[in-house]
Amino acid sequence: MAGVKALGEPVQIFEVDEPPTPAADEVLIDVVAAGIGNWDELVRIGSWQIGGPAPMALGTEAAGTVAAVGSGVAGLREGDEVMTHPLPLRRHGTWAGRVLAPAATVAARPPEATWEAGGAFPIPALTAAQALDEALGIESGGWVVVNGAGGVTGGLLVQLAAARGARVIATASAKKAERIRDYGASEVLDYHGDWPALVREITGGGAPKAVNAARGQAATTLKAVADGGRLATITGD
């Protein structure tokens, strides 16, 4: 497994004990693929406390097969192919060979998704859903801006917003525009130009909802929002 022996130390490879038998509400998963993101650095240095304690395996998302289920778990059984964002950690993260996960954090892996895609899917997907549904409350037929649509989470924001019936104006580089349109964007604007002015022109005064997925660009995205509108940012700025 890969993890830290003390918070703040470099990531190392070392052995850990086998997980215990799952509790009533837990699932034991044999990890096939695990995601890596900048949030893992926050866990490593102790800024994001999600479980442990150290020494501990890092990792907060994974795909794998169910090895065992707790007595109170329904809908999952040994051998199922699943994805998980298993927080709070029961002990070790997903960079271990096996991980205990709360059953409520486990979902089936779509058969068309590779193991690698399944392992890296949970956090970006949950982030996108929370931004659109909880922070913005997007509505079918309404305009929503997605700044930074070329990245993983940005692309998911476009797809989820379009699936919910929103009219999406996305920003990306010119070379990514066709892919973003295929995601369901109504308009794709080159982020190198004065795209907030174009948004105001397209929408007749600004979009009522916008989400920023580009680091350091929340203030720029705000210029595309109508008076009384709402902006969510997933980048911390």
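Readers should treat all values here as calculations from the given coordinates under stated rules, not as data from a laboratory. Here the structure is a predicted model, which is why all the values come from computation and not from measurement. Glycine also receives a Cβ, built like all others from the backbone with ideal geometry; neighbour counts cover every protein chain displayed.
Quick look at the numbers
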item	result
Inter-label distance for A219 and D194, nm, one decimal - labels placed 7 Å from Cα along Cα-to-Cβ	1.8 nm
Sum of -39500 (n - 2.57) over DSSP H runs of 4+, divided by residues of the chain (222 nm, nearest 500)	-6000 deg cm²/dmol
Convex hull volume of the stretch 125-185 per residue (C-alpha atoms, cubic angstrom)	63 Å³
Beta bridge orientation in the chain: antiparallel %, DSSP, nearest 5	55 percent
Longest segment of the chain lacking GluC sites (Glu not before Pro) that sit in a DSSP loop with at most 10 other Cβ atoms within 10 Å	113-237
Length released on extending from L126 to I13, taking residue separation times 0.36 nm less the Cα-Cα span	37.8 nm
Residues in the stretch 115-144 that a label on R230 would reach, taking backbone N under 14 Å of a point 7 Å out along Cα→Cβ	129-140, 142-144
Ranking of K209, K176, K5, K223 by count of other Cβ atoms within 10 Å, fewest first	K5, K223, K176, K209
D182-A108 FRET efficiency (beta carbon distance; Förster radius 22 Å; 0.05 resolution)	0.30
Relative contact order, percent, the stretch 121-213 [alpha-carbon distance under 8 Å, six or more residues apart]	31 percent
Contact order normalised by residue count of the chain, Cα under 8 Å, 6+ apart, percent	15 percent
The stretch 124-233, Rg to Rh (Cα coordinates; Rh as Kirkwood inverse mean 1/r)	0.91
Coarse-grained scattering of the chain at q = 0.08, 0.15 Å⁻¹, given as base-10 log I(q)/I(0) from a Debye sum over alpha-carbon atoms	-0.36, -0.98
L42-K175 FRET efficiency (beta carbon distance; Förster radius 35 Å; 0.05 resolution)	0.70
Dipole of the chain, positive direction: furthest Cα of P111, I138, T153, with charges on the beta-carbon	I138
Rounded if a/c under 1.5, otherwise prolate or oblate - the stretch 2-120, Cα gyration tensor axes	prolate
